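Peer 1: So that we are looking at the same thing, I have put the structure below in structure tokens.
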Amino acid sequence: MDIPFDVLSSLCDEFKKYNYIDPSDFTRYHVKRGLRNEDGSGVMVGLTRVCSVRGYVIDDGERVAVPGLLSYRGIDINDILDGAEQDDRFGFEEVIWLLLFGSLPSREKLDWFRGVLADARELPPYFAEDMIIKAPSRNIMNKLGRSVLALYSYDDDPDSTNLENVLRQCIELIARMPAIMSYAYQVKRRHYDGKSMFFHPLDANHSIAECILSSIRPDRAFTDLEAKTLDRCLMLHADHGGGNNSTFTARVLSSTGSDTYAAISAAIGSLKGPRHGGANIKALEMAEDIAAHVKNPADDGQLADYLTHILRKEAFDGTGLIYGMGHAVYTLSDPRAIRIKKMARALCTEGKLAERLALLEAVERVTPQLLASRRGSEKPICANVDLYSGLVYSALNIPVDLFTPIFAVSRIAGWCAHRIEEITTNGKIIRPAYKAVWEKQIYRPLNER
Ligand code: COA
């Protein structure tokens, strides 16, 4: 039986009596709220050779905004994407290699690694029947997390954290994520949406992007442009430094000596949040909401009025957030957003897609000024990767249910690289501190309360 509303309401009242923390205490006790320094920069908690994210430089002790730069293993993400585009080839598998091992693969190594990934794609016998079909979930991120955790039971050596074992687990998980995602989606369609379910076998010759498209479409058909566009999105989302919330989550769990399945499922749970990867769904929902409430979204004044309602928590989802805007590190620009916006402009040229693109571009144009005057802060704010990615996925006919899961299918490469780095180079349990700010209580026996 569900807990009745009046019971919950009195439990909430009970909670509120004893759980207030004065916001000024954070400043008083010099708390690094959100693990940020006073100037908004992140607290330095580790060293990495995997990935770097730059949005500002410190000059004479001052934070100076610079155009965003994302590098995998020291190579600018734009160069990696340009390389794949110039050769007109798929690039996500190359990025996985680069992140896991540290340098660009030769053609021979890349071909061999593609085969290793394809061979590892198959899910264990009866896994789909027992773990995916039997326990559907409305939310594919939830199902991804549960499935990754369940794979522990199918592993003969789940707990050993030696390099060989963790690499095996990581490669298997990276290879299996697309099938888990698309099967979970099929079951969700059947169970919750009353639609047909189809489990296409995966083609060993397909790249990961092609696998995804062929497995989610009833007729398995896709164009080369669609597959290459998705591939570029996977390349762009594959890592974002050790401090992004989901990767840090994977590192926190890894620092305890816990197993790969626990660390990766926790990272999936983190990415699901609407301030993190879940923002790609929210950004498109927000665009729909704006289109429904603003008579002429092309008029910046009308749009600004509605966005102000959103910021005041009076409209859309009541959180006060304009999704797809802002970033903890980037200031002037997010290099991923620039690339994805270019893809959106190429794909969304007519009809509703073109309208939504124009609306999101207007959100990008109008929001920085609104936020700056609300926050009274000089920190520039830019569009982030999630503003346009959902639109690009819509143009590829990818259902909304899969927007954040596709992010996970890509980001697992980074999670794994950081988990391996945490295990092999850190060796210290991550354990920050919390200051208790309570009035002392004494224990009273039950009959004296
Ligand atoms: N809408 C409303 N408020 C925003 C905002 C946005 N898009 N972006 C930043 N802010 C607020 C923050 O919540 C923060 O408020 P606080 O001081 O009361 O905590 C303040 O502005 C300063 O933020 P900043 O330090 O620049 O960023 P952050 O690290 O606190 O937050 C995000 C980063 C990404 C969580 C934030 O920009 C956000 O919530 N964006 C919308 C969700 C989103 O698109 N997420 C995807 C990120 S890739």
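Each reported figure results from applying straightforward, stated rules to the coordinates on display, with no laboratory input. From a predicted model like this one, the values you see are computed outputs, not experimental measurements. As a convention, Cβ positions derive from the backbone with ideal geometry for all residues, glycine included, and neighbour counts pool all protein chains shown.
Peer 1: Which cross-chain or sequence-distant (5 or more) residues have an amide H under 5 Å from the amide H of residue 331, H modelled 1.01 Å from N in plane?
Peer 2: 66, 68
Peer 1: Another question about this same structure. For the range 306-360, build the convex hull from the C-alpha positions and give me its volume per residue in Å³.
Peer 2: 99
Peer 1: Within the range 50-71, find all residues whose amide N lies under 20 Å from a label point positioned 7 Å from the Cα of residue 44 along Cα-to-beta-carbon.
Peer 2: Within reach of a label on residue 44, which here means backbone N under 20 Å from a point 7 Å along Cα→Cβ, the range 50-71 contributes 50-66, 69-71.
Peer 1: For the chain, report the % of Cα-Cα distances exceeding 29 Å.
Peer 2: Beyond 29 Å sits 52 percent of the P(r) for the chain.
Peer 1: I need the fraction of alpha carbon pairs in the range 154-311 separated by more than 24 Å, rounded to a whole percent. List each step's numbers first, then the result.
Peer 2: Values: 6742 of 12403 pairs.
Roughly 54 percent, rounded to a whole number.
Peer 1: Can I ask one more? Taking N as the number of residues in the range 66-125, what value does Rg over Cα atoms divided by 2.2 N^0.38 Å take?
Peer 2: 1.30
Peer 1: Name the residue farthest towards the positive end of the dipole of the chain from the options 12, 173, 100, assuming +1 on Cβ of Lys and Arg, -1 on Cβ of Asp and Glu, about the Cα centre.
Peer 2: Working it through, the farthest residue towards the positive pole turns out to be 12.
Peer 1: Taking each full run of DSSP H in the chain as one helix, which ones are at least 24 Å long along their axis (Cα atoms) and have mean Kyte-Doolittle hydropathy of at least 0.0?
Peer 2: 403-421
Peer 1: Then there's this: Counting C-alpha atoms alone, how compact is the range 193-249: give Rg to one decimal and Dmax as a whole number, in angstrom.
Peer 2: 14.9, 41
Peer 1: Could you size up the charge dipole of the chain around its Cα centre, putting +1 on the beta carbon of Lys and Arg and -1 on that of Asp and Glu, and report it in debye to the nearest 20? Can you show the working numbers first?
Peer 2: Numbers: 55 positive and 60 negative charges, 201 e Å.
Once rounded to the nearest 20, the dipole reads 960 debye.
Peer 1: OK, next. Say R0 is 25 Å: what FRET efficiency, to the nearest 0.05, do residue 425 and residue 109 get from their beta-carbon distance?
Peer 2: 0.60
Peer 1: In Å, what is the Rg of the alpha-carbon atoms in the range 279-395, and how long is Dmax?
Peer 2: Radius of gyration, then largest Cα-Cα span, for the range 279-395: 13.2, 38 Å.
Peer 1: Using only Cα atoms, what Kirkwood radius does the range 375-449 have, in angstroms?
Peer 2: Result for the range 375-449, one decimal place: 18.6 Å.
Peer 1: Positive end of the charge dipole of the chain (Lys, Arg +1 and Asp, Glu -1 on Cβ, about the Cα centre): tell me which of 256, 412, 75 has its Cα farthest that way.
Peer 2: After comparing all options, I get 256.
Peer 1: OK, next. With a 10 Å radius around each residue's Cβ, average the other Cβ atoms per peptide and rank 36-46, 167-177, highest first. Please report the intermediate quantities before stating the final value.
Peer 2: On the way: 36-46: 12.7, 167-177: 21.5.
Averaged packing, sorted descending, gives the order 167-177, 36-46.
Peer 1: While we're on this one: Could you give the dipole magnitude of the range 279-395 about its Cα centre, charging the beta-carbon of Lys and Arg +1 and that of Asp and Glu -1, in debye to the nearest 20?
Peer 2: Using only the charged Cβ atoms, the result is roughly 340 debye.
Peer 1: Here's another thing I want to ask about it. I'd like the FRET efficiency for residue 13 and residue 332, computed as 1/(1 + (r/R0)^6) with the beta carbon distance as r and R0 of 56 Å, rounded to 0.05.
Peer 2: That pair, residue 13 with residue 332, gives E of 0.75.
Peer 1: If you take the beta carbon distance between residue 32 and residue 221 as r and set R0 to 45 Å, what does 1/(1 + (r/R0)^6) give as a FRET efficiency, to the nearest 0.05?
Peer 2: Between residue 32 and residue 221 the formula returns 0.30.
Peer 1: Here's something else I'd like to know. Are there cysteines in the chain with no second cysteine's Cβ under 4.7 Å away, and if so, which?
Peer 2: Among the cysteines of the chain, those whose Cβ sits 4.7 Å or more from every other are 12, 51, 211, 233, 348, 382.
Peer 1: To the nearest 500 deg cm²/dmol, what mean residue ellipticity at 222 nm is calculated for the chain from DSSP H runs of n ≥ 4 alone, each contributing -39,500 (n - 2.57), summed and divided by the residues?
Peer 2: It comes out at -16500 deg cm²/dmol, rounded to the nearest 500.
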